[in-house]
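Here the structure is laid out as structure tokens; the discussion comes afterwards.
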Amino acid sequence: REKKRDYDQISIEELTCLKDEINDWSTETLPLGSWASASNDIGIIFYKKGDYEKGEALFRSVLSKRALFVAEDKIHIGGAFNSLGILSSAQGNYELAIEYYIKAAGVWAETGNVYNQVLSNINIGGLQ
């Protein structure tokens, strides 16, 4: 079994290759929920490494396909909105961050994911 790598050990070049691979995958190759989860995860790593633009692009790519998601995969839409909130907050755009957190909380309320809904509300509270 392969050991998980710490995101600090992954180079921006490796992440960019992963991002490009994910963009090449179609929903015929990979279930939409799995694609969205991978996109969100890699976007978060870009954010943590300071490459906000590439992280944002991945989060937005998930949102661009939101009409295609089935009910059980909509959690990834909430994740993308929440991640955009974190990114906006890190850039000092607190009003936009709150808008994204509210959208995330709304999606998670619709899916019955109370835990993540509460986390988005905590994120909102941290900015006010």
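For the range 32-84, filtering for residues that are modelled with pLDDT of 85 or more, among the hydroxyl-bearing types (Ser, Thr, Tyr) and surrounded by fewer than 20 Cβ atoms within 10 Å (Cβ to Cβ) leaves 4.
In the range 85-97, the residues that are within 16 Å of ASP51 (Cβ to Cβ) and open to solvent by less than 30 Å² (accessible area, probe 1.4 Å) reach residues that are in a helix (DSSP H, G or I) and among the charged types (D, E, K, R) with C-beta atoms within less than 6 angstrom, at least six apart or across chains, in these pairs: LEU87/GLU56. With respect to the conditions (1) more than 17 Å from LEU58 (Cα to Cα); (2) not in a loop (DSSP other than H, G, I, E, B), TYR100 lacks only one, and its number is (1).
The values are calculated or read from the model by the stated rules, or taken from the named source; none is laboratory data. Just so you know, these numbers come straight off a predicted model, no measurement behind them. FYI the Cβ positions are ideal-geometry reconstructions off the backbone, even for glycines, and counts take in every protein chain you see. In case anyone asks, the SASA skips ligands and DNA or RNA and just uses the protein heavy atoms, side chains included. Shrake-Rupley method; radii C 1.70, N 1.55, O 1.52, S 1.80 Å.
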